[in-house]
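Asker: Got a structure for you, questions after.
Derivation of every value follows stated rules applied to the coordinates shown; laboratory data play no part. All of these numbers come straight from a predicted model, not from anything done at the bench. Note that each Cβ is placed from the backbone with ideal geometry, even for glycine, and that neighbours are counted across all protein chains shown.
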Amino acid sequence: MKIRLKLTLLFTALFSTLLLMFALTVYASFSNNREEEYYKRLKSQAVTKAELLLEAKVPPEVLQLIYKSSPNSLFEEEIAIYDENLKLLYHDSVELDKVKETPSMFQDILERSEIKFYTNNLQAVGLLHIHDGKKYIITAAAIDGYGFAILQKLKYRLIIAYIVMVGLTLILGRLFAKQSLNPVSKLVGKVAEITATSLDSRIVVGKGKDEITELGLTFNEMLDRLEKSFKAQKEFISNISHELRTPLSAIVAELELSQNKRRTVEEYRKIIGLTLSDSKKLVRLISDLLDLAKTSYDPSAISFRRVRIDEVLLDARSELIAKNKHYNVDLVFSDDFEQSEALTISGNEYLIKLAFVNIMENGCKFSPDNRSQVFIKMGQENSLILEFKDCGIGIEKEDLPRVFNFFFRGGNGKYAEGNGIGLSLTQNIVLLHKGSIDIQSKPKEGTSVNLEFDLS
């Protein structure tokens, strides 16, 4: 069911319910008012006849004739008057006797002075009348033909008015829903026109502060993110194609060169060495890409357990130096550092070690003396801070904002080999472990990479 139809039906249902409650209230109020007014008329007629009979001493036969010819008589009126001994003194029509008085009714009237009831479709009242110190019981009954006729007309008119109003509400509700959702329909149409080749298009939003404007702004923000994502994807594919093509092309060229003519053993060794070097670059690139993919997707697919940060750091140092004998990494623990079980976080040991190795390797690789230092200290609010420092060539100021971009290699890239994935991978790993990473650098002075992990 579309929202437009749903809103129309909901609006109609709410208004119809309120209208029905109003109509029932009007009908019930009119019915109660008619009933009370007719009881008053019955009581007035009964008292008047009792006064004529008891005060004016009008004979019953004459009293009957008077009221039969009176235009003020009620429809099918029947009034009876009894003395305190329950002897009938007057009756409009003894042979008919529609009320059918009983001893219990008389007793009820004597106790309550006045009762109101219905009998045989007649509206009736019973009264206790006092005259000259004597008690008289009066019963009066009649049919309010005129009142019921008016009530019936009111009922039909309310039903017709209700049906007409519900129909009008349905029409107006549909128009109102259409008008209200028209901006949404236009918005949907605009969004449907945007494809992968037109991600630079944007939805025109008004200057208001309503929900439609907020929705349009949200769509535009989403399109901004999509456009950046598509651009990043294109750049990634372009860069990875270049990074893969370079070592593969070198390997092919070297192998083709070796086939051109017979060479000495030394020349073959040299070619094999170059091919092996390019193959290792290719393996390193593929390995880094796999690790990058692992950290960029569903974190739930990565196994986490309690990991000692200081122990992982020591393992990373040992692993780096084992592969690069000429590298030196100094670990400096501050005075407030405590080697305890409290220095653990929930994480993946392999990924954390990979991040540490990347940072230490960069520090050694870009330093003239191939040396890097790691300062370990406790931070505020139960956190651990690792500061990786080197005295290398540093990073240019304009390159700092882009050091975490995939395949980015700044002006210092010519001084050492690399594929530009390491820092992107390191950032993903740190963020995956709810840590923070910050880089400060000055050209020709060195670089400082600060990591902070929450130990709570």
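Asker: Hey, what do the phi angles of the stretch 399-404 turn into as Karplus ³J(HN,Hα) couplings, whole Hz, using 6.51/-1.76/1.60 and θ = phi - 60°, x for Gly and Pro?
Answerer: My calculation for the stretch 399-404 gives 8, 4, x, 10, 5, 8 Hz in order.
Asker: Here's something else I'd like to know. Looking at L52, Y27, S229, which one has the Cα that reaches farthest to the positive end of the dipole of the chain (charges on Cβ: Lys, Arg +1; Asp, Glu -1)?
Answerer: Sorting the options by dipole projection puts first S229.
Asker: Also, I was wondering about something else. Apply the Karplus curve 6.51 cos²θ - 1.76 cosθ + 1.60, θ = phi - 60°, to the phi angles in the stretch 205-213 and return the couplings in whole Hz, x for Gly and Pro.
Answerer: 10, x, 8, x, 10, 7, 5, 5, 5
Asker: Continuing with this model, one more query. Expressed as an acute angle from 0 to 90° and rounded to the nearest 10, what is the orientation of the C-alpha long axis of helix 309-323 relative to the principal long axis of the chain?
Answerer: Taking Cα atoms only, the helix is inclined about 30 degrees.
Asker: Continuing with this model, one more query. Calculate, in nm to one decimal, what I194 and I66 gain on full extension: separation in residues at 0.36 nm each, minus their alpha carbon distance.
Answerer: Result: 36.7 nm gained on full extension.
Asker: Measure off 7 Å from each Cα along the Cα-to-Cβ vector at D335 and F304, then give the distance between these two points in nanometres to one decimal.
Answerer: For D335 paired with F304, the spin-label model returns 3.6 nm.
Asker: How would you classify the stretch 3-150 from its alpha-carbon gyration tensor, with a ≥ b ≥ c the square roots of the eigenvalues: rounded for a/c under 1.5, else prolate if a/b is greater than b/c, otherwise oblate?
Answerer: It is prolate, given that a/c is not under 1.5 and a/b is the larger ratio.
Asker: In degrees from 0 to 90, rounded to the nearest 10, what is the angle of the helix 3-54 Cα long axis to the longest principal axis of the chain?
Answerer: Once rounded, the angle reads 20 degrees.
Asker: By count of other Cβ within 10 Å, fewest leading, how are T447, T264 ordered?
Answerer: The fewest-first ordering by Cβ neighbours comes to T264, T447.
Asker: State the extension gain, in nm to one decimal, for the chain segment bounded by L215 and R245, taking 0.36 nm per residue of separation less the distance between their alpha-carbons.
Answerer: 6.4 nm
Asker: Could you tell me which of rounded, prolate or oblate describes the stretch 1-40, using a ≥ b ≥ c as the square roots of the eigenvalues of the alpha-carbon gyration tensor, with rounded for a/c under 1.5 and, failing that, prolate when a/b is larger than b/c and oblate otherwise?
Answerer: prolate
Asker: Over the chain, calculate the relative contact order: mean separation of alpha carbon pairs under 8 Å at least 6 apart, over the residue count, as a percent.
Answerer: It comes to 10 percent, rounded to a whole number.
Asker: A further question follows. How big is the charge dipole of the chain about its Cα centre, in debye rounded to the nearest 20, if each Lys and Arg gets +1 on its Cβ and each Asp and Glu gets -1 on its Cβ?
Answerer: 2000 debye
Asker: Quick one: of the DSSP bridges fully inside the chain, what percent are antiparallel, nearest 5?
Answerer: Taking every DSSP beta bridge with both residues in the chain, the antiparallel ones total about 90 percent.
Asker: Oh, and also: What is the spin-label model distance, in nm, from N33 to S279 if the labels are put 7 Å beyond Cα along the C-beta direction?
Answerer: In this crude spin-label approximation the distance works out to 10.4 nm.
Asker: State to the nearest 20 debye the size of the charge dipole of the stretch 1-133 about its Cα centre, where the only charges are +1 on K and R beta carbons and -1 on D and E beta carbons.
Answerer: Taking the Cα centre of the stretch 1-133 as origin, the dipole is about 1280 debye.
Asker: Oh, and also: Modelled label-to-label distance, E445 and I150, 7 Å Cα→beta-carbon offset: nm?
Answerer: Here the answer is 10.0 nm between the modelled labels.
Asker: In the chain, if the dipole is taken from +1 on Lys/Arg beta carbons and -1 on Asp/Glu beta carbons about the Cα centre, which of N370, S180, A140 is farthest to the positive end?
Answerer: Of the candidates, N370 comes out farthest on the positive side.
Asker: Now for a different question. Straight distance only, please: which aspartates and glutamates reach the Cα of K134 with their own Cα at less than 12 Å, same-chain residues fewer than 8 apart left out?
Answerer: Straight-distance partners of K134: D83, E84.
Asker: Here is a further query. Can you give the extra length, in nm with one decimal, that the chain gains between S113 and L88 once fully stretched, where that is 0.36 nm per residue apart less the Cα-Cα distance?
Answerer: 7.2 nm is the gain from fully extending S113 to L88.
Asker: Sticking with this structure for a sec: Taking R0 as 56 Å, what FRET efficiency do you get between R263 and E319 from their Cβ-Cβ distance, rounded to the nearest 0.05?
Answerer: The calculated FRET efficiency here is 0.90.
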